[in-house]
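Novice: Please read through the structure below; I'll follow up with questions.
Just so you know, all these numbers are worked out from the coordinates, no wet-lab data involved. Model, not experiment: these values are computed from the prediction. A quick note on method: Cβ atoms are made from the backbone with ideal geometry, for glycine too, and the neighbour counts reach across all protein chains shown.
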Amino acid sequence: MSDASLPNGSLPSGGANPQSVSLTEPDARTKKRNAAEKRFRAYGIAAIGAGLFFLVVLLFAIVSNGMGAFQQTFINVPVYLDPAKLDKKGERNIDDIKKVSTFGYNPLIQKAVFDAVQEAGIETPLEKTKDMKALISASAAAQIRDMVIENPDLIGETIDVRILAASRVDGYLKGRVKREDVARDKNIDAEHLDLVDGLQQAGVVEKTFNLDFILGADASESRAEQAGIGVAMIGSFFMMMVVLFLALPIGVAASIYLEEFAPKNRITDLIEVNISNLAAVPSIVFGILGLAVFIQFVHLPQSAPLVGGLVLTLMTLPTIIISTRASLKAVPPSIRDAALGVGASKMQSVFHHVLPLAAPGILTGTIIGLAQALGETAPLLLIGMVGYIATNAPDGIASGLLDPNSAMPAQIYEWAKRADPAYYERAWGGIIILLVFLVSMNTLAVLLRRRFERRW
């Protein structure tokens, strides 16, 4: 029978069937419910599409603004190391050579660039060697001075060197500096840009991959072209080591005790509530705590990665404890009962059976907590890691922990607030490197979870 008589929910009298509804055709209420489900699916697809769209826009903005930091403009010129300026006594006494400051090397570099202009046959109204100063980075003189101090026998010879071009020259070749903008720029003018075009065609000026941005150190505000994030990466590494060696054992031990051994009473309930609340505390509060306790009370060195690691440990502990407890809860009670049933003690059942099964979740929570700590900036503001220019890499473990340094997010923040547009470009480049680290750590968490995951 394919049809049923359901007028107003009751059978008609006398066998009449004025309103017949087919069982194979959806009624109005079913159609309305199906339409609502379709709209909900459409809303979900639209939400996912919007999220993916904004993610693509964000990634495009980061890559397009930051890729320029991985390229740098260099000037290749032969520089004559004039003994009359670098070693006036002619005795090759290293003490006398060190007395010559970078101001003594600047004229030699400027003359080398001017000679390259003349040799390339570039016509220019700039007829003095000192007019070349706008093309050369302020770090070039220090670079050659270090070479001479390391090997004084170079004095009197002509050496081929690759020096950094000024940030305005680099910005011009990257499209960051426009010709219509140089009229208001005191550092460079249109004549210098004409020289750059000619020297680039002659092969004297070239734009190549900038490895020093990844491995180098920060620089002063007047030498943006020399700045790198390498030393800040080392600072972040030492901070993460402190967080790993402190937060992991403390967090796992606290979780095991609270979940497996602690009695269920008001005290443990209060501890659990406070742990959950600490996970929601703004990170800058932990920075204030670190400033008050570790620097002002314990008198640890300011801007040290050890202090940054201790602050980030306090911030990461709630995350590790919550994720570890969730992993322990996910282990079926039958595992514990079976271990106890064959004669294992409570501790043996936990450490020999429960903990290995919860290890994937514990590792995942730990790595996610470390990734969160790696990207934190606010706590580092309070302990002074943005007020220090990290120009030298540490020479050992003790130096890496106790000497002033910076961290990747703090370095990015510092670059973003500087006036030179080249630092703004480097801030985007630093974000790319930071994202690579974060994605790598989250990928490692997934791989470790799959590697150590066990079935019961």
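Novice: Work out how much length residue 419 to residue 30 would gain on full extension: take 0.36 nm times their residue separation and subtract the Cα-Cα distance, in nm to one decimal.
Specialist: 133.7 nm
Novice: Pulled fully out, how much extra length does the chain show between residue 189 and residue 150, if you take 0.36 nm times their separation in residues and subtract their Cα-Cα distance?
Specialist: 10.4 nm
Novice: Another question, then. Calculate for the chain the 222 nm mean residue ellipticity that helices alone would give, adding -39,500 (n - 2.57) per DSSP H run of length 4 or more and normalising by residue count, nearest 500 deg cm²/dmol.
Specialist: Helix contribution divided over all residues of the chain: -18000 deg cm²/dmol.
Novice: Add +1 for every Lys or Arg and -1 for every Asp or Glu among the other residues with Cβ under 11 Å from the Cβ of residue 158, and state the total.
Specialist: Neighbourhood net charge equals -4.
Novice: Once each part is reduced to its C-alpha centroid, what is the distance from the stretch 46-86 to the stretch 228-243 in angstrom?
Specialist: 22 Å
Novice: What is the fewest-to-most order of 33, 325 by other Cβ atoms lying within 10 Å of their Cβ?
Specialist: 33, 325
Novice: Moving to a separate point now. Going down the table (186/417; 178/207; 99/186; 186/207), which pairs top 27 Å between alpha carbons?
Specialist: Where the Cα-Cα span goes over 27 Å, the pairs concerned are 99/186.
Novice: Taking residue 174 as the anchor, which aspartates and glutamates have their alpha carbon closer than 19 Å to its alpha carbon, excluding any fewer than eight residues away along the same chain?
Specialist: Counting by Cα, and skipping residues close in sequence, residue 174 has these aspartates and glutamates nearby: 185, 189, 191, 194, 197, 206, 212, 225, 420, 425.
Novice: Could you work out the relative contact order of the chain? I mean the mean sequence separation of Cα pairs under 8 Å and 6+ apart, divided by the number of residues, in percent.
Specialist: 17 percent
Novice: Bin by bin, in steps of 5 Å, what percent of the Cα pairs in the stretch 267-360 do you find, going until the bin that has the longest distance?
Specialist: 2, 12, 16, 13, 13, 13, 10, 9, 6, 4, 1
Novice: How big is the gap, in Å, between the Cα center of the stretch 123-137 and the Cα center of the stretch 259-284?
Specialist: 67 Å
Novice: Would you kindly give the portion of the calculated P(r) for the chain that falls above 35 Å, as a percent of all Cα pairs?
Specialist: Considering the chain, 55 percent of its Cα-Cα pairs are separated by more than 35 Å.
Novice: Just need log10 I(q)/I(0) for the stretch 73-208 at q = 0.11, 0.18, 0.22 Å⁻¹, Debye formula, equal scatterers on the alpha-carbon atoms, no solvent, rounded to two decimals.
Specialist: Those come out to -0.41, -0.95, -1.28, one per q.
Novice: Residues with beta-carbon under 15 Å from that of residue 366, excluding residue 366: net charge, scoring Lys, Arg +1 and Asp, Glu -1?
Specialist: Residues close to residue 366 contribute a combined charge of +3.
Novice: Any chance you could check the Cα centroid distance between the stretch 291-322 and the stretch 384-456 for me, in angstrom?
Specialist: 17 Å
Novice: Working only with C-alpha atoms, what are the Rg and Dmax values of the stretch 124-272, expressed in angstrom?
Specialist: Rg then Dmax for the stretch 124-272, in Å: 26.8, 86.
Novice: Can you sort 317, 55, 310 from fewest to most other Cβ atoms within 10 Å of each residue's own Cβ?
Specialist: 55, 317, 310
Novice: Using the number of other C-beta atoms within 10 angstrom as an exposure proxy, rank 299, 353 with the fewest first.
Specialist: 299, 353
Novice: A follow-up question, please. For the chain, which DSSP H helices look membrane-span-like by this rule: Cα extent along the axis of 18 Å or more and mean Kyte-Doolittle of at least 1.0?
Specialist: Span-like helices here: 230-256, 305-330, 355-374.
Novice: Search the structure for amide H atoms under 5 Å from the amide H of residue 210, placed 1.01 Å from N in the peptide plane, and list their residues when 5 or more places away or on another chain.
Specialist: Long-range HN contacts for residue 210: 71, 72.
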